[in-house]
Amino acid sequence: MDEVEQHFLQQLTAPVPGPTGPVATEIAAQLPTLFAVQAQSRHLDVAARWLQSRGDGFYTIGSAGHESNAALGLLTEVTDPALLHYRSGGFYAARAAVEGSTDPVRDVLRSLSCSTADPASGGRHKVWGHPRLHIIPQTSTIASHLPRAVGLAFALGLARALDRRTPWPADAIVVCSFGDASANHSTATGALNAAGYLTHVHRDCPVLFVCEDNGLGISTPTPRGWTRAALEHRPHLDYLHADGDDPVGLLQTTATAIEKVRGTRRPAVLHLRTVRFGGHAGSDVERAYRSTAAITADLAHDPLLATARTLIRLGLRSAEELREQYEEIRQRVMATAEEVRHEPRLDSRAAVMAPLGHVLLRPDQGGDRPPGPLPSATGGPGLTLAQAINRTLAQAMAEDAGVVAFGEDVAIKGGVYGVTRGLRARFGAERVFDTLLDEQTILGTALGTSLAGFLPIPEIQYLAYLHNAEDQLRGEAASLRFFSDGAYRNPMVVRVAGLAYQRGFGGHFHNDNSLAVLRDIPGLVVAVPSHPATAPGLLRGCLELARTEGRVCVVVEPIARYHTRDLFDGDEQWLAAYDDSSTFVPGEVTTYGDGRDLLLVTFGNGVHLSRRAAARLAADQITCTVLDLRWLAPLPMDRVLEAARSVAGVLVVDETRASGGVADALVAALVEAGCPLPIASVRSADSYVPLGPAAATVLLGEDEIVEAARQLAGRTAG
């Protein structure tokens, strides 16, 4: 950075060519502020490395060379929600200058030094964010925020169509910036495609994508002309280009792009040519992979220098005045850095985890109520699991106009398995709609609509398809409370058709039996219904958690049980009258039977298998209680331990794979709690699920449960 500063100061006093043409009064009036916020961002990058050198700074990805993005901060409205690239120091400084109530220097330095006073994350991460500036915190995962930006832009239009208010004005646009290397990521290409698609089908999508193109992906150069070729001819996306070292053209083009998106409610791409000074981050030695000539050549495109020279050329500032202002900003930044490095940081597990929160249980439910039988129903014909879920969705949508349901095939067709059948006809195409065949877009739509005040219920058609987009839950949805210190939330209930036992149909991609990817996401609530009597209360509980606590909930619905009617042939024990009032919360479980020999702890398809196994074991004089966990995150361990007090042994029946399954956590928790009973587990094989009858060879079966229970009963008798 020393070389960059030396070049700036030397060139500041070099002769400046005369005016090349008239400059609009409005543009000329913006240039002094543009210089001030760009200089502030530049000095903050220097301060970041100074703090690191003293052990008080922990993030050194800078914005030097990208300060041209300040034009967007100056020209967009403060109330335009922004989801930003990690080199957005200029934007943040500019928007704060326009808004006027927060000190961007102190904000950024607090974030760099992990101060608990950091207004974005409370000291948890370096993110660009502030509620008053309508900058929604994002992490540095490549392009992961673009689907949310598209979803939010879509939600602004949806709110207008449904006459619903959002936190933003009716004419707001979404600003979303990213790097040129990120433009190649599937998440980015999917989001750009979805934005163009929405325009093609005549839906509002007022998002301005800003690709900040410095020609490098850390050390990998972007081929000359590739980014423009990749962005310029996308269907229904207007393309504009600006050079970061041409401040007049930059301000003019940026204003045009903003006006175009705001006026047409269509997406556009602003391709902003930038440079990168100082390497990717503090640990990056740029000279290890770039020539001295290439690094030096970038100095000629310094946006800060370009703004300064334009001010001088137009006679708006002298070189000496700009030098003095530059030094004044430096002194203020460094003085503030000295102050904030002594501020307190998070120093306890509880403090770090506070935004994630614990799921709140009402006094009359959950942890204060013992395990019990199935809830009483309200009468009516017996429903299957699919029908019970459908009825619950319809009830939720009738009671709350903000509930929207969407995904692949959910609208006209009513879902692959008919679970959403009839909802579109009843509630309309604005609230029940089909999406692109892209799970990133589905979850991004949920992320955006939830920010805009809706309660989305997106559907992922099969569990295996979630893996295409799991970072939208892990890196975006569930993390937002953490990285915004609770200022922003993503209330949603994601429905996923999953798990196995479809008699070999579809192979692995329709019978994925792994839940590990969901269970290790901090703060995520995971529920698995097993029976039509309990499914309504479980889904209703997730909707309440989303609505009242802003929770991200995932309901994994066992496909094989959707249309099951019987436990044993012809008995219709897997039907239930519709329960229209119960609401279950984490901590509640369901028990079947009252056996004193063994407790079979299970969930999902395991409930069906275990109840059948329990009936066979009864013939061997082994009595069992089957406990349906319902909740896999957080696990209801208090209820499991309570139920274990009445039996002689515990068998965990886990339909997921041996590696990373639910049984690991259950057995560990029982042991750590000092459970004195013999404990065993039985699980599916550590294998993908093959097509056809061979599926039965790797999935946990009823016979295995019976055999494991007999062995465990023998240990308890001994």
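The values are calculated or read from the model by the stated rules, or taken from the named source; none is laboratory data. Quick caveat, the model's predicted, so the values are computed rather than measured. All Cβ positions, even for glycine, are placed from backbone atoms using ideal geometry, and neighbour counts span all protein chains on display.
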Region 249-260, residues that are surrounded by fewer than 20 Cβ atoms within 10 Å (Cβ to Cβ) and touching a residue at least 40 places away in the same chain (Cβ under 8 Å):
Gln252, Ala255
Can you name the number of the only condition in (1) modelled with pLDDT of 95 or more; (2) under 24 Å from Thr253 (Cβ atoms) that Ala181 fails?
(1)
Among (1) part of a loop (DSSP other than H, G, I, E, B); (2) under 32 Å from the mean Cα position of the chain (by Cα); (3) surrounded by fewer than 19 Cβ atoms within 10 Å (Cβ to Cβ), where does Val689 come up short?
(3)
If the Cβ limit is 8 Å and pairs must be 6+ apart or interchain, which residue in region 87-110 that is without any contact (Cβ under 8 Å) to a residue 40 or more places away in the chain and part of a helix (DSSP H, G or I) pairs with which residue that is surrounded by fewer than 24 Cβ atoms within 10 Å (Cβ to Cβ) and of a type in the set (A, V, I, L, M)?
Val98/Leu74; Val98/Val78; Glu99/Val78
Conditions (1) of a type in the set (A, V, I, L, M, F, W, C); (2) under 25 Å from Leu538 (Cα atoms); (3) in contact with a helix residue (DSSP H, G or I) (Cβ under 8 Å, 6 or more places away or on another chain); number of the one not met by Leu617:
(2)
Across region 464-482, what is the number of residues that are among the polar types (S, T, N, Q) and over 14 Å from Thr441 (Cβ atoms)?
1
Determine which single condition Thr189 fails, assuming it passes every other condition in (1) within 22 Å of the chain's Cα centre (by Cα); (2) in a helix (DSSP H, G or I); (3) crowded, with 20+ Cβ neighbours inside 10 Å.
(3)
Test Val650 against the criterion of being crowded, with 24+ Cβ neighbours inside 10 Å and among the aliphatic types (A, V, I, L, M), and give yes or no.
yes
Among the residues of region 115-126, which ones are surrounded by 22 or more Cβ atoms within 10 Å (Cβ to Cβ) and either among the hydrophobic types (A, V, I, L, M, F, W, C) or outside the structural domain of Met334 (by TED's automatic domain parsing) (or both)?
Ala120
Pick out the one residue from Ser610, Ser582 that is buried (at least 18 other Cβ atoms within 10 Å of the Cβ) and either part of a loop (DSSP other than H, G, I, E, B) or free of Cβ contacts under 8 Å to residues at least 40 places away in the same chain (or both).
Ser582
Exactly one condition in (1) assigned to a loop (DSSP other than H, G, I, E, B); (2) under 22 Å from Thr392 (Cβ atoms) is false for Arg596; which is it?
(2)
Residue match in region 670-681 (condition: hydroxyl-bearing (Ser, Thr, Tyr), out of contact with any Gly (no Cβ under 8 Å at 6 or more places or on another chain), closer than 30 Å to Thr384 by Cα and in contact (Cβ under 8 Å) with a residue 12 or more places away in the chain)
yes
Conditions (1) among the charged types (D, E, K, R); (2) out of contact with any Phe, Trp or Tyr (no Cβ under 7 Å at 6 or more places or on another chain); (3) part of a loop (DSSP other than H, G, I, E, B): number failed by Lys126:
(2)
Step by step: first the residues of region 401-430, then only those that are free of Cβ contacts under 8 Å to residues at least 24 places away in the same chain and of a type in the set (Gly, Ala, Ser), then the one that is surrounded by the most Cβ atoms within 10 Å (Cβ to Cβ). Which residue is that?
Ala411
Which residues, taken from region 325-357, are under 32 Å from the mean Cα position of the chain (by Cα) and either assigned to a helix (DSSP H, G or I) or aliphatic (A, V, I, L, M) (or both)?
Ala337, Val340, Leu346, Arg349, Ala350, Ala351, Val352, Met353, Ala354, Leu356
Looking at Leu499, Leu538, Leu480, Leu575, can you tell me which residue is over 30 Å from Ala350 (Cβ atoms) and in contact with a Lys or Arg (Cβ under 7 Å, 6 or more places away or on another chain)?
Leu575
By residue number, the members of region 631-656 that are assigned to a loop (DSSP other than H, G, I, E, B) and either closer than 23 Å to Glu557 by Cβ or among the acidic types (Asp, Glu) (or both) are Pro634, Leu635, Pro636
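Conditions (1) in the same structural domain as Ala516 (by TED's automatic domain parsing); (2) charged (D, E, K, R); (3) in contact with a strand residue (DSSP E or B) (Cβ under 7 Å, 6 or more places away or on another chain), marked per residue:
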position	(1), (2), (3)
Asn605	no, no, yes
Ala618	no, no, no
Thr623	no, no, no
Leu629	no, no, yes
Ala633	no, no, yes
Asp654	no, yes, yes
Val667	no, no, yes
Leu670	no, no, yes
Only one of these conditions is not met by Ser659: (1) part of a helix (DSSP H, G or I); (2) under 30 Å from Arg503 (Cβ atoms). Which number is it?
(1)
Scan region 591-604 residue by residue and report those that are over 17 Å from Thr716 (Cβ atoms) and crowded, with 24+ Cβ neighbours inside 10 Å.
Thr602, Phe603, Gly604
Suppose the filter is touching a Ser or Thr at 6+ places or on another chain (Cβ under 7 Å) and over 30 Å from Pro223 (Cβ atoms); does Ala161 pass it?
no
In region 677-718, which residues are at pLDDT 95 or above, in contact with a strand residue (DSSP E or B) (Cβ under 7 Å, 6 or more places away or on another chain) and β-branched (Val, Ile, Thr)?
Ile679, Val682, Ile705
Helices (runs of 4 or more DSSP H) (entirely within region 432-483) containing at least 1 residues that are at pLDDT 95 or above:
439-451
